[in-house]
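Participant: Encoded as structure tokens, here's the structure I'll be asking about.
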Amino acid sequence: MPEADLIALCITAATIGLLHTLLGPDHYIPFIAMSKVGRWSLKKTTAITAMCGVGHVGSSILIGALGVALGWAVGGVEAFEGSRGGLAGWLLLGFGLAYMAWGIHRAIKNRTHGHVHVKPNGSAHYHGHDHTGEHTHADETQPGRGAMTPWILFTIFVFGPCEPLIPILMYPAAKQSISGVALVTAVFALFTIGTMLSIVLIGTLGLAQLKWHALGRYAHALAGLIIAACGAAIKLGL
């Protein structure tokens, strides 16, 4: 395969990987939202995002490699990737709605309530409070839910396809350039995962400067709504 063609293909892979991620809010918004409400550390946020990014790109690389090995037409592989994308949209929408429902339940459960305290001298006073401050970490209040969230996101991203990868992967394969396939794949993966990590970390650090006191106990419900909106956007082709 001519070196000039390979360089052009690598530039294309880098550009598409960058734009594919930037223009797909579902690649980073769920991580930013869950990091905020779940009080994930920066290290945990980075690890989960990277894990999901590898699953996202890796599944498409595997399917593309199978397509090359079995001689599938580009159109057939792209159609299969499209069907996976539809399933990923439903999974993200379902997860967002389920998390929003849990967030609403949690908000109602932790609503402000009051107590009357009677002192030994017979006088009484009333004060109101909620339990939000006592349960600040989602992972602590719901150990199973908190532990499962990263794996749910990983599963969703494994089903989420990288449709633009297939055509640029098939071209060097058609030229019987295994090294070209490997290089183009590596460039695409590097720019896709790198862009995901960059946006998630910038967004997470930015949100860390904002106080969500106004949202209070509804923060989890809002995070679920945002994630569900990402899933709906995929289904609507936005």
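The values are calculated or read from the model by the stated rules, or taken from the named source; none is laboratory data. Worth saying up front: this structure is predicted, and the values here are computed from it rather than measured. A quick note on method: Cβ atoms are made from the backbone with ideal geometry, for glycine too, and the neighbour counts reach across all protein chains shown.
Participant: Quick test of your reading of the structure: A79 fulfils all but one of (1) of a type in the set (A, V, I, L, M, F, W, C); (2) closer than 20 Å to P167 by Cα; (3) in contact (Cβ under 8 Å) with a residue 12 or more places away in the chain. Name the failing condition by number.
Facilitator: Of the numbered conditions (1) of a type in the set (A, V, I, L, M, F, W, C); (2) closer than 20 Å to P167 by Cα; (3) in contact (Cβ under 8 Å) with a residue 12 or more places away in the chain, the odd one out for A79 is (3).
Participant: What single numbered condition from (1) farther than 24 Å from K235 by Cβ; (2) surrounded by fewer than 17 Cβ atoms within 10 Å (Cβ to Cβ) fails to hold for A13?
Facilitator: Evaluating A13 over (1) farther than 24 Å from K235 by Cβ; (2) surrounded by fewer than 17 Cβ atoms within 10 Å (Cβ to Cβ) leaves (2) as the failure.
Participant: If the requirement is being farther than 26 Å from L205 by Cβ and either in contact with a helix residue (DSSP H, G or I) (Cβ under 8 Å, 6 or more places away or on another chain) or of a type in the set (K, R) (or both), which of these qualifies: L6, L18, L22?
Facilitator: Residue meeting the stated conditions: L6.
Participant: Are there any pairs, at least 6 apart or on different chains, whose C-beta atoms fall under 6 Å, with the first in segment 188-199 and in a helix (DSSP H, G or I) and the second of a type in the set (S, T, Y), and if so, which?
Facilitator: Listed pairs, sorted by first residue: T192/T21; T195/T21; M196/T21; M196/Y28; M196/T49; L197/T49; I199/Y28.
Participant: OK, next. What do you reckon, is W40 at pLDDT 90 or above, farther than 22 Å from I234 by Cα and either among the small types (G, A, S) or outside any helix (DSSP H, G or I) (or both)?
Facilitator: yes
Participant: Give W212, W151 a once-over and let me know the one that is exposed (fewer than 15 other Cβ atoms within 10 Å of the Cβ), within 18 Å of the chain's Cα centre (by Cα) and either at pLDDT below 70 or within 30 Å of G94 (Cα to Cα) (or both).
Facilitator: W151
Participant: If I ask for residues that are more than 19 Å from I168 (Cβ to Cβ) and either touching a Lys or Arg at 6+ places or on another chain (Cβ under 6 Å) or polar (S, T, N, Q) (or both), which ones from segment 41-67 would you list?
Facilitator: Matches in segment 41-67: S41, T45, T46, T49.
Participant: In this structure, does W102 turn out to be at pLDDT below 90 and touching a helix residue (DSSP H, G or I) at 6+ places or on another chain (Cβ under 8 Å)?
Facilitator: Criteria not met by W102.
Participant: Considering segment 176-203 alone, what residues qualify as being within 15 Å of A14 (Cβ to Cβ) and hydroxyl-bearing (S, T, Y)?
Facilitator: T185, T192, T195, S198
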